[in-house]
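Here the structure comes first, spelled out in C-alpha cells, and everything after it is commentary.
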C-alpha cells in the first residue's frame, strides 16, 4: 500500500482460511449475534400467544408426566421432593436438548441462501440455533421458580453447581447437533428421523421418573445416555439433598458428551467445504 493511500492489497493464499478458521469465528461474531437475534425475534412472531408457548409446552408436559408416573403408576419421587418439581427439574434440560437438536439439525438447510453466497465459518449457524433454544430454556426457568415458591421448597448449597450442569447441557446439545446438521445437508432423510429419536429419548431418559429406579447393575450402562448425567445433575443441584447423584454415571455421561462434541466438530469441519455445493 502506498503512503497516504487508502488502497489495500488482497493476498490470496491456499489454506489461509483453514488455518485462521477459529480466528474467523471471533471475527464473524456479529453475524452470530444477528442470526441468533433473527431466530429469536421470528420464533413466535406469527403465533397468537407468542412467547407463552415457551412456558406452556413444558408446563403441559410436566402435568401429563406427573399424572401418569405419580398418580397412575405410583412411582416415588426423589426423597420428599414434590413429584411435579422433580419432573420439571428433569424436563428443563431435556426440553433444551431436544429443541436444540431439532433446530440445529435443520439450521444449515434453513440458511442455504446465506451459505451458498458468502464465506463465513459455517459452525456459526448451528451454534446460533442452540443459543436460540437456550433462550427458551431461560424463559421456562420461570416455571421452575414458580414451583419452588408454590411448594415452598428451598434449594440447598448444591444450587451453586447449576451453572456447571447448564454448561454440560449446552455441550450435550451442541455435539450431536453439529454432527446431524452436517449429515442432514447430504442426507435429507435425517429431518424425518430426528423427531422419532427425540420422542424415543424422552421416554428412555429419566425425565418423568427418577434414575434411581433403574436396577443398580444397569445404572452405569444406562449412563451411556449422556442426558442421564445431565438430568441427574440438574435434579441434584435443584433438589439438593433430596436427590442422590450417581457420580460414576455422571462421569461416564460427561465422557460421552465430550466424545460427541469432538465427533460433531470433527465431522462438521470435514464436510464444511462441500456444504455450498450440496445445498
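The values are calculated or read from the model by the stated rules, or taken from the named source; none is laboratory data. The structure displayed is predicted, hence computed values, not measured ones. As a convention, Cβ positions derive from the backbone with ideal geometry for all residues, glycine included, and neighbour counts pool all protein chains shown.
Checking the structure you have, find out if any residue of region 142-164 is surrounded by 21 or more Cβ atoms within 10 Å (Cβ to Cβ), touching a residue at least 24 places away in the same chain (Cβ under 8 Å) and in a helix (DSSP H, G or I). No, because not a single residue in region 142-164 is surrounded by 21 or more Cβ atoms within 10 Å (Cβ to Cβ), touching a residue at least 24 places away in the same chain (Cβ under 8 Å) and in a helix (DSSP H, G or I).
Listed by first and then second residue, the pairs linking a residue in region 29-45 that is touching a residue at least 60 places away in the same chain (Cβ under 8 Å) to a residue that is part of a loop (DSSP other than H, G, I, E, B), with Cβ atoms under 8 Å apart and 6 or more places separating them unless they lie on different chains, are 31/120; 35/111.
Considering the conditions (1) modelled with pLDDT under 85; (2) loosely packed, with under 10 Cβ neighbours inside 10 Å, residue 18 is excluded by exactly one of them, (2).
Counting only residues that are surrounded by fewer than 18 Cβ atoms within 10 Å (Cβ to Cβ), touching a residue at least 24 places away in the same chain (Cβ under 8 Å) and farther than 28 Å from residue 154 by Cα, region 233-258 holds 1 of them.
Evaluate the following for residue 87: is it under 18 Å from residue 268 (Cα atoms) and either more than 20 Å from the chain's Cα centre (by Cα) or touching a residue at least 12 places away in the same chain (Cβ under 8 Å) (or both)? Walk me through it before giving the result.
Working: under 18 Å from residue 268 (Cα atoms): no; either more than 20 Å from the chain's Cα centre (by Cα) or touching a residue at least 12 places away in the same chain (Cβ under 8 Å) (or both): yes.
It is false that residue 87 is under 18 Å from residue 268 (Cα atoms) and either more than 20 Å from the chain's Cα centre (by Cα) or touching a residue at least 12 places away in the same chain (Cβ under 8 Å) (or both).
Return yes or no: is residue 59 part of a helix (DSSP H, G or I), farther than 22 Å from residue 143 by Cβ, in contact with a helix residue (DSSP H, G or I) (Cβ under 8 Å, 6 or more places away or on another chain) and in contact (Cβ under 8 Å) with a residue 60 or more places away in the chain?
No: the conditions fail for residue 59.
Of the helices (runs of 4 or more DSSP H) that lie entirely inside region 202-279, not one contains 3 or more residues that are in contact with a strand residue (DSSP E or B) (Cβ under 7 Å, 6 or more places away or on another chain).
List the helices (runs of 4 or more DSSP H) that sit entirely inside region 67-127 and contain at least 3 residues that are more than 30 Å from residue 245 (Cβ to Cβ). If you could, list the steps in order and put the result at the bottom.
Details: elements: 83-105, 107-110, 112-115.
Helices (runs of 4 or more DSSP H) meeting the threshold: 107-110, 112-115.
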